[in-house]
Amino acid sequence: MKRLRSTLTFLVVFLYIQVSTAAAQSPPPAPSDRHLSRTAPERAPVMRQETFHASSVNTVVQLPAIADTYLASERPDENFGGDALFLGYNFFGDRFGAQRILVRFNVDSIPDNARINSAQLRLRLSFASPEGDAPMRTVLRRLASDWGEFGVTWNREPQWASVRDSSFVGTDAQWYAWEIPDLVQGWVDGSFPNYGLELIGDERVQQRERIFYARETNTDYFPQLVVNYDVIKDTAPPAVTVEPLPTYVGRSFTVSWSGADQGDAGLAYYDVQYRVDGGEWVDWRTGVTDTQEEFMGGQNGQTYEFR
């Protein structure tokens, strides 16, 4: 009887160890839907706020993505234009490898002369793996060549420029943001073309993913660009005064000036001209922020005027 009890006890312990080991090696559950055929709902820019001042208008606008997808290194010739947005590295299951997100917005509704105060790329997280993972560092790059939402692949990845922002993405299902005011300013004023953005996460070989809602979602969790900008409506010219000069001066003398804006735009710089004996006005100092300068080379018997 003692031997039988001992044997049964050993078998129970052995089975428990085997089951526990198998559970520890199981991959975490993850969404498996890929290569979806979905159409994004039509969305227009949403004016969140508009504030009128005497000579400027402040606007906060929410722009929806007009294209988004991701690239997968282990599927280098496959396109995922209708899927959710996968980031990081997919190791378990079908093993899609490193995954990078592409997204683009239309900023044509923002006036060319707008001054960008702030701009945020916002993505809503829907799933994270592994559970309880540490925040994943991401980098956001400006894209420097064109791409198509339903044609781009890992092997046809567009060119990218410098890093525009770096941020961390946790595991909570919430909004995550990247700050890109200078980038949006460049798109708006034409400093560089708008080919969109590429988001890159942790691409080391391991199971570590972040999955975001794409623009095809029927919820309000679609990718967004939220921009705060001012447009100056100030048309009143500034008031500028050149300080009176003495009747007689030497060959060199100091010229002083001052100015004030009658609206809200402010003064960016001064352009100062002079003329001799009532002749043509000549540029002397242009684009300066100083308010005085030494004039050199005056001639005897001539009258100098400044404005």
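Rule-based calculations on the coordinates, nothing more; no lab input. Quick caveat, the model's predicted, so the values are computed rather than measured. Every residue, glycine as well, gets a Cβ built from its backbone with ideal geometry; the counts of neighbours run over all protein chains shown.
Among Trp160, Thr219, Gly201, pick out the residue whose Cα is farthest towards the positive end of the charge dipole of the range 31-232, where Lys and Arg carry +1 and Asp and Glu carry -1 on C-beta, about the Cα centre.
Result: Gly201.
Find which of Phe80, Thr51, Gly279 sits farthest along the positive direction of the dipole of the chain, computed with +1 on the beta-carbon of Lys and Arg, -1 on that of Asp and Glu, about the Cα centre.
Positive-end residue among those listed: Phe80.
How many percent of Cα pairs in the range 146-254 exceed 25 Å?
Values: 2953 of 5886 pairs.
Cα-Cα pairs of the range 146-254 separated by over 25 Å account for 50 percent.
Is there a quick way to get the dipole size of the chain? I mean about its Cα centre, with the Cβ of Lys and Arg at +1 and of Asp and Glu at -1; what is the value in debye to the nearest 20?
About 2000 debye.
Can you work out ³J(HN,Hα) from phi for every residue in the range 298-304, in order, using Karplus 6.51 cos²θ - 1.76 cosθ + 1.60 and θ = phi - 60°, giving whole Hz and x for Gly and Pro?
Using θ = phi - 60°, the values come out as x, 10, 4, x, 10, 9, 10 Hz.
Considering only Ser256, Ser129, Ser118, give the residue with the highest GNM mean-square fluctuation for the chain, with springs between Cα atoms whenever their separation is below 10 Å.
Ser256
Helix 2-24 against the longest principal axis of the chain: what's the angle in degrees, Cα atoms only, rounded to the nearest 10?
Compared with the principal axis, the helix lies near 30 degrees.
Once every DSSP H run of n ≥ 4 in the chain is given -39500 (n - 2.57) and the sum is divided by its residues, what mean residue ellipticity at 222 nm do you get, rounded to the nearest 500 deg cm²/dmol? Please list the in-between numbers first.
Working: 2 runs with 32 residues, N = 307.
My calculation for the chain gives -3500 deg cm²/dmol from helical runs alone.
³J(HN,Hα) across the range 190-201 via Karplus (A = 6.51, B = -1.76, C = 1.60, θ = phi - 60°), whole Hz, x for Gly/Pro?
The phi angles translate into x, 5, 8, x, 9, 9, x, 9, 10, 10, 10, x Hz.
With only Lys, Arg, Asp and Glu charged, each at its Cβ (+1 for the first two, -1 for the last two), find how big the charge dipole of the range 239-306 is about the Cα centre; round to the nearest 20 debye.
240
For the range 202-207, take each phi angle, set θ = phi - 60°, evaluate the Karplus expression 6.51 cos²θ - 1.76 cosθ + 1.60, and give the result in whole Hz per residue in order, putting x for glycine and proline.
Taking θ as phi minus 60°, the curve returns 7, 10, 5, 6, 5, 8 Hz for the range 202-207.
Select from Val249, Leu267, Phe295 the residue farthest towards the positive end of the dipole of the range 239-306; place +1 on Cβ of Lys and Arg, -1 on Cβ of Asp and Glu, and compute about the Cα centre.
Val249
In debye to the nearest 20, how big a dipole does the range 177-302 give about its Cα centre with +1 on each Lys and Arg Cβ and -1 on each Asp and Glu Cβ? Please list the in-between numbers first.
Numbers: 8 positive and 21 negative charges, 22 e Å.
Value, rounded to 20: 100 debye.
What ranking do 292-304, 62-74, 36-48, 156-168 get when scored by the average of other Cβ atoms within 10 Å per residue, highest first? Please report the intermediate quantities before stating the final value.
Numbers: 292-304: 10.5, 62-74: 21.4, 36-48: 12.0, 156-168: 14.7.
Packing order, densest peptide first, comes out as 62-74, 156-168, 36-48, 292-304.
Provide the packing ranking of 140-149, 279-288, i.e. peptides ordered by the mean count of other C-beta atoms within 10 Å per residue, highest first.
140-149, 279-288
Taking every pair of distinct Cα atoms and averaging 1/r, then inverting, what Kirkwood hydrodynamic radius in Å comes out for the range 239-306?
Every distinct Cα pair counted, the radius reaches 13.1 Å.
Take the Cα coordinates of the range 174-230, assign each an equal point scatterer, and use the Debye formula without solvent to give log10 I(q)/I(0) at q = 0.20, 0.23, 0.29 Å⁻¹.
-0.99, -1.11, -1.26
Could you give the Stokes-Einstein D for the chain in µm² per second, using the C-alpha Kirkwood radius, 20 °C, 1.002 mPa s?
My calculation gives 87 µm²/s for D.
With N set to the residue count of the range 63-165, report its C-alpha Rg divided by 2.2 N^0.38 Å to two decimal places. Could the numbers behind the result be given before it?
Working: Rg = 15.2 Å, N = 103, 2.2 N^0.38 = 12.8 Å.
So the Cα radius of gyration is 1.19 times the expected 2.2 N^0.38 Å.
Tell me, what is the percent relative contact order of the chain, built from C-alpha pairs under 8 Å that lie six or more residues apart? Numbers along the way, then the final one.
Working: 677 pairs, mean separation 63.6, N = 307.
Relative contact order of the chain: 21 percent.
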